[in-house]
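Scroll down for the structure; my scribbles are underneath it.
The values are calculated or read from the model by the stated rules, or taken from the named source; none is laboratory data. Everything numeric here is computed off the predicted structure, so don't read it as measured data. All Cβ positions, glycine included, derive from the backbone under ideal geometry; neighbour counts span all protein chains shown.
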Amino acid sequence: MSDAFFKYVSLKETLFSKLSYDENGRLLLGNVIVLIVPRRIFSTVQKSISDILGDGCAALVMYNAGYSIGYDVLSKVIEKFSNDIRSAFEFFMTILTTRGWGELKIVEFDTDKNTYRVQVRSSYGEDLKPSRRAVCHFIRGLLTGSLQCLTDSRGKDVKLYSRETKCVAKGDPYCEFLIAEVKKFAKIT
Ligand SMILES: [Zn+2]
């Protein structure tokens with residue numbers, strides 16, 4: 001993993017030295033209650049929603065959950081970055097990478113065109129192979145929600161949409177997400 005991912009917070013600092021238990025046996029990372037579970041448990045939750053309610057419903061549920069979390073996290077940290085929205089987003093990517101969501105890399109970050117592209121290696125989509133469709137709806141939600149928060153923070157009246165254009169679950173070497181205004185998608189379909 002590249003050192004660039006630890007620009008803001010070191011793995012040692014964020015994870016190992018901050019784990020503790022409170023007096024009632026809850027596991028804490030800093031002052032946040034956490035669970036440590038195999039990644040396949042998360043993937044199995046998505047698969048169960050998909051099996052029972054269908055792929056479309058699973059996509060909506062997981063995307064919406066990720067979107068809410070991404071938006072909320074950025075709304076809490078943005079002030080620390082003095083409106084440097086790229087740094088705020090890189091910080092969020094570092095958190096996701098160190099927490100095991102995959103190795104995230106910015107491919108495009110164009111605030112003028114409201115167009116963003118992010119690659120993710122080793123995502124939880126590996127657990128959902130084989131698939132004919134992209135499956136990393138939760139990560140897509142995290143990225144879209146966080147970027148929507150940053151867009152809103154600049155006072156822009158822009159709604160962002162997203163698509164996972166490559167996914168490891170359908171045989172691509174990595175996952176790739178395009179987050180942009182709806183008109184951008186009209187051009188690529
Ligand atoms: Zn994927």
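Observations on the model:
- Being within 10 Å of the ligand (Cβ to nearest atom), over 11 Å from the mean Cα position of the chain (by Cα) and closer than 22 Å to VAL61 by Cβ holds for only one residue in VAL120, VAL135, and it is VAL135.
- Of everything in region 73-84 that is surrounded by fewer than 19 Cβ atoms within 10 Å (Cβ to Cβ) and either touching a residue at least 12 places away in the same chain (Cβ under 8 Å) or of a type in the set (Val, Ile, Thr) (or both), the residue that is farthest from HIS137 (Cα to Cα) is ASN83.
- Test: residue in region 178-185 that is in a loop (DSSP other than H, G, I, E, B), more than 16 Å from the ligand (Cβ to nearest atom) and in contact (Cβ under 8 Å) with a residue 40 or more places away in the chain: yes
- Within region 147-189, the set of residues being within 27 Å of THR44 (Cα to Cα), of a type outside the set (A, V, I, L, M, F, W, C) and touching a strand residue (DSSP E or B) at 6+ places or on another chain (Cβ under 9 Å) comprises TYR161, SER162, ARG163, GLU164, THR165, LYS166, ASP172, PRO173, TYR174, GLU176.
- Sub-6 Å Cβ pairs linking a first residue in region 116-128 that is over 12 Å from ILE139 (Cβ atoms) and hydrophobic (A, V, I, L, M, F, W, C) to a second residue that is modelled with pLDDT under 95 and near the ligand (Cβ under 10 Å from one of its atoms), at least 6 apart or interchain, number zero.
- Answer residue from region 177-189, given it is closer than 15 Å to TYR116 by Cβ and surrounded by fewer than 21 Cβ atoms within 10 Å (Cβ to Cβ) and is modelled with the lowest pLDDT among those: ILE188
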